[in-house]
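The values are calculated or read from the model by the stated rules, or taken from the named source; none is laboratory data. Keep in mind that this is a model prediction, so the values were computed, not measured. Ideal geometry is used to build each Cβ from the backbone, glycine not excepted, and the neighbour counts take in all protein chains shown. When the accessible area is computed, the model is the full protein with side chains, heavy atoms only, and any ligands, DNA or RNA have been set aside. Shrake-Rupley method; radii C 1.70, N 1.55, O 1.52, S 1.80 Å.
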Amino acid sequence: MNDEDIFDIIDNISEDNLSIIMENKISKIDIENSFDTEKDLIRAKLHEKIKMDAEKHDIPQENNLNNKNHKLIRLVVTDLKMKRKSKKEEYIKRNKAIINIIKSVVAAMLVFVVLVNVSPKLALALVRVPGLEALIKVVNFDSGFKNVIDNGNIQEVNTTIEDKGVKFTVTTITGDDLKLWIGYEIENKDLRFGKIRFINKADGKELPWSIISQESKGYIEVAIEGLVKDFKMEIEVYKDDPSFNKPFSELDEKAKNDIKQLFIKNKITTLSIPILLNDKIYNKDLEVVNVHEKEFKSEVGLFKIEKLELSKSRSRVYCKLVSAQNKLTGVIEPRLVDGDGIEYSSSNQVTVQIENNMIYVETQGGITNAKGLSFKCDGFEYINKQGNQITIDIKNKQIETNKLGISLNNINATNIILNVPENEVEFELKAKNEKGKKIEIKEVELDSFNHTAKLMFNDLNDEKVILNVRKIQYIVPKGLNMILID
């Protein structure tokens, strides 16, 4: 289906046909005998998808949307028709970039119409939260968002804070014990958010929560460490400037200091928004499973699974590396497989460091059959506690002996090329010279085929360069599969 077909479908769906699709009035015979045009085929496929999703979620076939939801659908389709009309001239010009953008938005809206029928709660939540297109992307690529919506974890907030000309409104929150999505509106678009903190109102302490993504189109995704019912969200707000988008590593010291001063000058305010979660979200439905004797022995330590936390939005896997020399820093492509063979992974690689050489990684939530649940991964990442620094003698073109098997390949102009082990080594983008002065690394190129790492600097005027190793990859044998729940 090309972009013209999509537009034609949207332009020509009538109120009656829309009702037929959304209210499941087409019989099986009608579907099988109505493929005169591609439009009819699309409608039939939409209907079949709705029917399958309804059966999957145990939604009665006679489930009709109420008048409010019908108005919502009509508004969506009307809006699409208006957009289509206003874009005709650009479409005729065949501007491929614009066409692709419009096409993706329309395709997302088609998915939205299907989801409206399957879950009216989801439809209402998406309409109330600003940045509709951004949240539709979340629905398409993050099943955890849809899971918490379907579970009724939606709270309308509509709290507005205004200070120094900045008007910020928290509109809607959805989430559970492991993840929150905070929808917002801000009137002035020429602004930039700085640090976002969450403060426990009970004791005034900052909560150990982390921002996973911060969309300018209207939502903030937050990873939760212990859900708190009553808290404040503090947001630093700055007047935006084009220079803030320049890569920091490519700037000299003067340019960096200039940008730092500009940040100070452009700061407008720090907003403090009180939030009180209701029982729709603060419902403590987290399932905790302690895991024993699930381990994999490797040359760098004993890799173990210690605990699972399962919720609608996310599943967290707590991993530990038993080793005196090495520290666990990440897991490569972690995934859970339930008893029905359904795989739960995550497009966002979230790794959180905990004490005692333990981390947790996240996969999608909403596991339906935990019996027979297993864990798979492609490997893990670690760092040597003692040998995590590499010293390169620029003057004599040699490298000091190290425990990681890294050797010098070449030094030319402003580049250092290193031979690295078969398992990739990742370096930090900051180095230092023999006197401890910081040296910025402009870029790092890893060549897995030749097992080399090319480090590019603005200049190499120092006698020695000391590199910090961020992590090393350990690739596990294919087929690693740990059964966590029998």
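Residue pairs whose Cβ atoms lie under 7 Å apart, sitting 6 or more positions apart in sequence or on different chains, and linking a residue in the range 195-223 that is among the charged types (D, E, K, R) to a partner that is open to solvent by 90 Å² or more (accessible area, probe 1.4 Å) and at pLDDT 85 or above, are R197/E206. Within the range 413-435, count every residue that is open to solvent by 20 Å² or more (accessible area, probe 1.4 Å) and in a loop (DSSP other than H, G, I, E, B). Adding up the residues that qualify gives 8. If you go through the range 383-398 and keep only what is more than 39 Å from the chain's Cα centre (by Cα) and open to solvent by 40 Å² or more (accessible area, probe 1.4 Å), you end up with K395, N396, K397, Q398.
Would you check if I466 is in contact (Cβ under 8 Å) with a residue 60 or more places away in the chain and assigned to a loop (DSSP other than H, G, I, E, B)? No. Looking across N402, N410, N461, one residue alone is open to solvent by less than 70 Å² (accessible area, probe 1.4 Å), not charged (D, E, K, R) and not in a strand (DSSP E or B). It is N402.
Of all the residues in the range 247-286, those that are touching a residue at least 60 places away in the same chain (Cβ under 8 Å), assigned to a strand (DSSP E or B) and under 28 Å from the mean Cα position of the chain (by Cα) number 7. I'd like to know if the range 264-287 contains one or more residues that are at pLDDT below 90 and hydroxyl-bearing (S, T, Y). Checking the range 264-287: at least one residue is at pLDDT below 90 and hydroxyl-bearing (S, T, Y).
Taking (1) in contact with a strand residue (DSSP E or B) (Cβ under 8 Å, 6 or more places away or on another chain); (2) more than 16 Å from F375 (Cβ to Cβ) in turn, I264 satisfies each apart from (1).
Just one of the numbered conditions (1) within 20 Å of P247 (Cα to Cα); (2) of a type in the set (D, E, K, R); (3) in contact with a Phe, Trp or Tyr (Cβ under 9 Å, 6 or more places away or on another chain) is not true of E428: (3). Taking the criterion of being more than 24 Å from the chain's Cα centre (by Cα), touching a residue at least 12 places away in the same chain (Cβ under 8 Å) and assigned to a strand (DSSP E or B), the residues of the range 296-322 that qualify are F296, S298, G301, L302, F303, K304, E306, L321, V322.
Could you list, in sequence order, all residues of the range 356-373 that are crowded, with 19+ Cβ neighbours inside 10 Å and part of a strand (DSSP E or B)? Scanning the range 356-373 gives I359, Y360, V361, E362, T363, Q364. Condition (residue is surrounded by fewer than 17 Cβ atoms within 10 Å (Cβ to Cβ), assigned to a strand (DSSP E or B) and among the β-branched types (V, I, T)) applied to the range 161-184: is it met by at least one residue? Looking for residues that are surrounded by fewer than 17 Cβ atoms within 10 Å (Cβ to Cβ), assigned to a strand (DSSP E or B) and among the β-branched types (V, I, T), one finds at least one in the range 161-184, hence yes.
Cβ-Cβ distances below 7 Å connect the following pairs, each with a first residue in the range 141-159 that is within 14 Å of I173 (Cβ to Cβ) and in a strand (DSSP E or B), a second residue that is open to solvent by less than 20 Å² (accessible area, probe 1.4 Å) and of a type in the set (G, A, S), and a separation of six or more residues or different chains: I154/A125.
With the structure loaded, tell me whether G194 is on the phi > 0 side of the Ramachandran plot and open to solvent by less than 30 Å² (accessible area, probe 1.4 Å) or whether it fails that test. So G194 does not fit the description; no. Looking only at the range 229-261, residues that are in contact with a strand residue (DSSP E or B) (Cβ under 7 Å, 6 or more places away or on another chain) and farther than 28 Å from T169 by Cβ come to 2 in all.
G339 fulfils the conditions (1) of a type in the set (G, A, S); (2) in contact with a Lys or Arg (Cβ under 6 Å, 6 or more places away or on another chain); (3) crowded, with 17+ Cβ neighbours inside 10 Å except for a single criterion, (3). Looking across the range 323-350, the residues that are over 16 Å from the mean Cα position of the chain (by Cα) and assigned to a loop (DSSP other than H, G, I, E, B) come down to S323, A324, Q325, D338, G339, D340, G341, I342. Of all residues in the range 464-486, those satisfying the criterion of being closer than 30 Å to Y344 by Cβ, at pLDDT 85 or above, open to solvent by less than 70 Å² (accessible area, probe 1.4 Å) and among the aliphatic types (A, V, I, L, M) are I472, M482, L484, I485.
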